[in-house]
Structures are given as structure tokens and as C-alpha cells.
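Chemist: Handing you a structure now.
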Amino acid sequence: MADFSILHASPFYELTALLAVAAAVGFVGLLLRQPMIVSFIAAGILAGSSGLGIIKTDENTRLLAELGVAVLLFLVGLKLDIKLIRTLGVVSLATGLGQVAFTSIIGFLIGLALGLDMLTAVYVAVALTFSSMIIVVKLLSDKREVDALHGRIAVGFLIVQDLVVVLAMMVLSAFGLGAQDSGETGALIQIAIVLMYGALMLVLVGLFIRFIANPLVGCIARSPELLIVFAISWAALLAAVCSYLGLSKELGGLLAGVSLASTPFREAIVARLSSLRDFLLLFFFITLGAQLDLGLLGAQVLPALVFSLFVLIGNPLIVMVIMGVMGYRKRTGFLAGLTVAQISEFSLIFVAMGLTLGHVTTEALGLVTLVGLVTIALSVYMITYSHTLYRWLEPLLEGFERKVPHREENFERQRIIQKPYDIILFGLGRYGTAIASHLHEENINILAVDFNPDEVRNWRRQGYDALYGDACDQDFIAMLPLENTKWVIAAMPQHNLGLVYEDPRIVLIEGLKARNYGGKIAVSTHHADDVEILKQKGANLVLFPFHDAAGQAVQRIKEYTDDESAA
């Protein structure tokens with residue numbers, strides 16, 4: 001192994017080397033069209049003790065990783081509001097608890113069948129139930145799907161999972177102390193105290209939202225720089241408080257975001273913090289890779305493959321069954337189910353606690369480590385290419401949907417699509433809303449489509465027709481009234497077509513072609529390199545929001561100047 005001792009003379013040297021390794025591995029991953037998460041985990045393995053040994057003192061990277069997690073969950077919380085939490089609370093709780101219960105039971109039986117002793121089988125089975133909220137939310141954010149119905153449900157039951165893992169680790173910790181204090185009563189009291197703290201945090205956040213959030217943020221927002229400093233400090237503060245009280249840092253960051261979600265400045269905060277979030281999360285994935293001790297794997301390959309297949313296939317199936325019974329479409333259940341197709345970093349921590357208490361051996365930790373390595377790497381691809389996977393597997397999923405999936409408002413969809421429309425617009429963001437408003441001013445009959453239920457409700461309140469739907473949903477496209485439609489406009493959030501996952505604009509174009517749509521298609525983009533690709537795929541017109549707006553501004557300035565000269 002190369003000697004990197006000079007790097008450890010200063011934390012700055014070590015951090016510099018770590019960033020260089022991450023950039024190099026990330027560049028190779030980009031050339032190979034691999035997701036960046038996989039590249040950064042690989043960089044962590046390469047830089048960790050199982051590789052080059054660049055990371056010796058991981059306190060600095062761990063600190064940056066924890067701050068990145070707090071910022072990530074803070075930005076997710078900014079997009080949640082109380083109404084949404086009330087709406088999705090039941091399905092999130094049922095799906096989260098149901099998945100934990102079924103995965104634990106089935107995983108325990110698999111462990112016994114593979115020859116594990118009973119206590120080790122319990123530990124491994126419980127470890128398999130926890131999915132990584134950080135990885136899932138990062139992938140959904142990259143795909144602009146956190147606001148989609150399946151994204152919101154996934155975030156909901158991942159929160160439930162996090163609460164379960166906190167309780168599980170509290171039980172372990174309490175009973176570990178109970179071995180010294182000889183009593184289970186202390187453990188139950190400790191759990192009750194943490195639950196009380198959780199309720200207290202919810203009450204305090206509710207009071208903050210009701211009386212403090214708007215006036216405080218309105219005052220701070222006079223300085224954009226101070227607004228960002230406040231947002232980061234608020235996320236870190238609540239994450240630290242929740243961690244101190246025995247809750248998770250993730251929950252604290254999420255509550256911080258929720259507490260500011262009702263303020264009018266949340267979009268400005270999201271826009272300014274997104275790049276910082278991506279940079280800080282780099283250290284989380286590197287730290288995760290560095291923690292994977294490849295020396296523990298040994299003879300655990302066969303049982304690890306069995307458990308990995310169970311997590312990759314069994315966990316999504318469990319979620320699909322629960323959501324199908326509750327009245328969701330098979331597509332929603334499938335996309336949400338893929339988010340639990342990996343185990344979490346908490347799984348490793350959980351088994352490591354069992355090792356410390358003497359309940360399991362290093363072989364069990366090696367087994368869960370290998371399962372984590374396999375499932376995290378493969379689930380990244382599954383979530384990244386989720387829509388393609390769904391199109392491949394759709395014929396096999398009929399049994400996962402009730403005859404009437406009532407929770408997705410099919411009756412409203414049927415009522416609206418009976419009308420003919422001149423234009424169907426996908427995307428009710430700022431650009432899409434502006435287009436729709438101008439079209440309505442011209443008395444053009446338009447149907448707006450968005451996968452964010454809040455945007456759909458807001459548009460309907462104004463008296464306009466709008467549908468909840470996804471451009472990547474081929475069944476939804478087939479139900480649209482395309483016969484008399486002259487234009488379909490795609491004004492969805494922008495992706496760069498060089499990225500690895502499927503672009504919803506191209507999926508929409510292909511879906512319209514498959515339905516023999518005879519009208520024209522307009523697609524918006526911010527990237528000049530996308531124009532030829534989009535036109536080759538079938539777009540008749542490519543819109544440049546900023547470029548077109550700048551051209552109109554110049555034209556108006558010229559007209560005003562000409563008028564002044566004529567006067």
C-alpha cells in the first residue's frame with residue numbers, strides 16, 4: 001500500500017486528497033454513465049482503510065457528512081406542509097410499519113433457514129428493515145420526484161422507519177445498561193421519555209409555525225446572506241437538539257424544514273442551498289464507503305446474496321401489496337416500493353451495537369456490511385431507472401392494484417378528460433404557470449397536468465382544468481383527450497439529457513408517439529445541447545425560457561426606443 005503519511009500531517013491535506021480522489025472517481029463514473037452516488041461510495045472505499053488508507057481521522061469528514069444530512073432533510077421538509085402530512089399520514093404509517101413487520105418476520109425465517117442462531121437471525125432481520133432516507137431522498141431530488149405522489153409517500157414511510165430504528169437502538173442501549181442495572185423497567189422508562197421528547201418537539205415546532213416563523217423569516221430575509229446562514233443554522237440546531245434528546249438528526253433536519261415550509265421564502269432558500277447540499281452530501285457517501293470493512297466479508301458471500309435478493313425484490317413487493325390494498329395504483333406502489341430496496345447505514349450501526357453488547361459476532365457484521373454494499377449499489381440503479389423498469393415489468397404487476405384504486409382520484413380524472421382541449425400543458429412550475437396564464441388570456445382551451453397535488457389543487461381553485469398526472473406514466477398518457485389537441489407542451493423541471501436517468505420529456509414524446517398523437521409537441525430546455533436530441537426524438541418546437549424572455553425584452557426595449565425617437 002502506498003505511503004500517504006504526509007497527508008495526515010494536516011486535516012487540510014487529507015481533505016484535499018479526499019476531494020481529489022472523489023473528483024477522479026466521479027469523472028470515471030461520468031464517462032461510464034454511472035450514478036454519482038455509486039462513484040462517491042466507491043471513492044470512500046478506495047480512500048478508506050480497506051483501500052489506500054487516505055482517511056485516518058474521519059472526524060472532519062463525518063462532521064461535514066452530518067451537516068449535509070441535516071441540510072438535505074431540511075430542504076425536504078421545506079416542501080412539506082401540515083395538510084400534506086395529515087393527508088399522507090395514514091398510508092405512510094401503515095406502509096412503514098407493515099414493511100418493517102413483514103420484512104422482520106420473513107428475514108428472521110430466512111436467517112434460520114441459512115443456519116444462523118436465533119439471536120443473530122433477529123439482529124439481521126431487523127437490520128434489513130431500515131432503508132437509507134439520505135440516499136433515497138437524494139435520488140428523488142435529482143429526478144425532481146420528491147413532490148410526486150410516490151415520492152411523498154416514500155418520504156413518509158421512511159420517516160416511520162427512522163422512528164422505528166431510533167426505538168430499536170434505544171431498546172438495545174437501554175437493555176445493555178439493563179445488564180448492569182438489572183432491570184427492563186429502566187429501558188421502558190427511557191423509551192417513554194424519548195417519545196415524550198418527540199411529542200414536545202412537535203408541539204414546539206407547531207407553535208413556531210403558528211406564531212414566529214413568518215415574522216421572523218420576513219425580517220431576516222431583508223438580507224439574502226443572513227437568510228441562508230439562518231436556514232443552515234436552524235437546520236443544524238434542530239438536528240442537534242433531536243440528536244441530544246435521543247431522536248435522529250434526520251428527524252431534526254426535517255422538522256426544521258417543515259417549520260419554515262409555510263413562509264413565502266422557502267423557494268429562495270431551496271434554490272440557494274441546493275448546491276451546498278450536493279457538496280456536503282459528497283462527504284456522507286464517502287464516509288459510508290469508508291466504513292465498509294471489506295475484511296469482514298469472508299465466507300458471507302452466499303447468505304449475503306440471499307438476503308440481498310430478499311431486500312431488492314421482497315421489500316418492494318411488500319410495499320406494493322400494502323399500497324395496493326390501500327387503494328393506490330400499481331405504478332405508484334412500484335415506484336414507492338423501489339425506495340426500500342436497500343438497507344441503511346443505520347443497519348450497520350444497529351448490528352455494530354449488537355456486537356458491542358456481545359449478542360452477535362463479527363461474521364454477522366460482515367454479512368450485513370456485504371448486504372449493504374450490494375443493495376445500495378443496485379438500488380441506486382433501480383431508483384434511477386425506475387420508469388424504465390416499470391414499463392418492462394408492468395404486465396406482471398396487475399395483481400398489485402385494486403379494481404378501483406380510489407385513493408388516486410380516478411373519478412375526477414375521468415370527469416375532466418371527457419372535454420376536448422386545444423393544448424395540454426405538462427408542468428405547473430413558474431414557467432408552465434406563466435404559459436398557462438397567457439394561454440387563458442387568449443381564450444385558448446387548456447388542460448394543465450402536474451405530478452404535484454398541491455399545484456393541481458391551486459390551479460383548480462382558480463377555476464381552471466388541471467389533472468394530477470406524470471409525464472412518465474404511459475397509462476395516464478393513454479387516457480388523455482389527444483384527438484383534437486393541437487399542441488402538447490412539456491414545461492417540466494429541467495434535466496440535462498447527458499445524465500443517466502430517463503428524461504420525462506423524452507418519455508412523454510415517446511408515449512405520445514405510441515398513442516399515434518397527430519398534433520405538435522413543444523418542449524422547454526435550458527441546455528443548448530438538448531435541442532438536436534429533442535428534435536430527433538420528435539419535438540416540433542424547443543423553447544428556451546430565459547433566452548426567449550431575453551429576446552422579448554430586447555424587442556420591447558427597441559420598440560420603446562423607436563417610439564421615443566419618433567416623438
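Chemist: I'd like to compare 480-490, 146-156, 199-209: which one has the highest average count of other Cβ atoms within 10 Å, and what's the full order after that?
Modeler: Going from most to least packed, we get 146-156, 480-490, 199-209.
Chemist: What FRET efficiency would be calculated for the residue pair Asn214, Ser275, taking the C-beta separation as r and a Förster radius of 22 Å, to the nearest 0.05?
Modeler: For Asn214 and Ser275, the calculated efficiency is 0.25.
Chemist: Sticking with this structure for a sec: Pop the C-beta distance of Ala101 and Ile189 into the FRET formula with R0 = 25 Å and round what comes out to the nearest 0.05. Kindly include the intermediate steps, with their values, before the conclusion.
Modeler: On the way: r = 25 Å, r/R0 = 1.00.
It comes out at approximately 0.50.
Chemist: If you don't mind, another one. Can you give the FRET efficiency to the nearest 0.05 for Leu114 and Leu355, using r as the Cβ-Cβ distance and R₀ = 22 Å? Walk me through the numbers before you get to the answer.
Modeler: Values: r = 19 Å, r/R0 = 0.86.
Working from the Cβ atoms, E equals 0.70.
Chemist: Still on this structure, please answer the following. How would you classify region 117-160 from its alpha-carbon gyration tensor, with a ≥ b ≥ c the square roots of the eigenvalues: rounded for a/c under 1.5, else prolate if a/b is greater than b/c, otherwise oblate?
Modeler: Prolate, since a/c reaches 1.5 and a/b exceeds b/c.
Chemist: Expected output is a single nm value to one decimal: the length gained when fully extending between His440 and Gln555, i.e. 0.36 nm times separation in residues minus the C-alpha distance. What is it?
Modeler: Taking His440 through Gln555 to full extension adds about 39.1 nm, to one decimal.
Chemist: Let me ask something else about it. In a shell of Cβ-Cβ distance under 14 Å around Leu237, excluding Leu237 itself, what net charge do Lys and Arg (+1) and Asp and Glu (-1) give?
Modeler: Its environment carries a net charge of 0.
Chemist: Of the peptides 240-247, 514-521, 318-325, 62-69, how do they stack up when ordered by the mean number of other Cβ atoms within 10 Å, highest first?
Modeler: Values: 240-247: 17.5, 514-521: 14.2, 318-325: 22.1, 62-69: 20.4.
Going by the mean number of other Cβ atoms within 10 Å, highest first, we get 318-325, 62-69, 240-247, 514-521.
Chemist: A follow-up question, please. Only Cα pairs under 8 Å and at least 6 apart count here; give the relative contact order of region 5-400 as a rounded whole percent.
Modeler: It rounds to 27 percent for region 5-400.
Chemist: Here is the link list: Lys513/Lys535; Lys143/Lys249; Lys419/Lys535. Which ones come out longer than 18 Å on Cα distance?
Modeler: Long pairs (Cα-Cα over 18 Å): Lys143/Lys249; Lys419/Lys535.
Chemist: For the pair Asn60/Asp475, report the inter-label distance in nm, with labels modelled 7 Å from Cα in the Cβ direction.
Modeler: According to this spin-label approximation, the distance is 5.2 nm.
Chemist: Taking H as built 1.01 Å from N, whose amide H comes closer than 5 Å to the amide H of Lys520, not counting residues under 5 places away?
Modeler: Under 5 Å from the amide H of Lys520: Trp487, Val488.
None of the figures in this text is laboratory data; all of them are computed from the coordinates on show. It should be emphasised that the depicted structure is a prediction, and the values quoted were computed from it without experimental measurement. In this analysis, Cβ positions are derived from the backbone assuming ideal geometry, glycine residues included, and neighbour counts consider all displayed protein chains.
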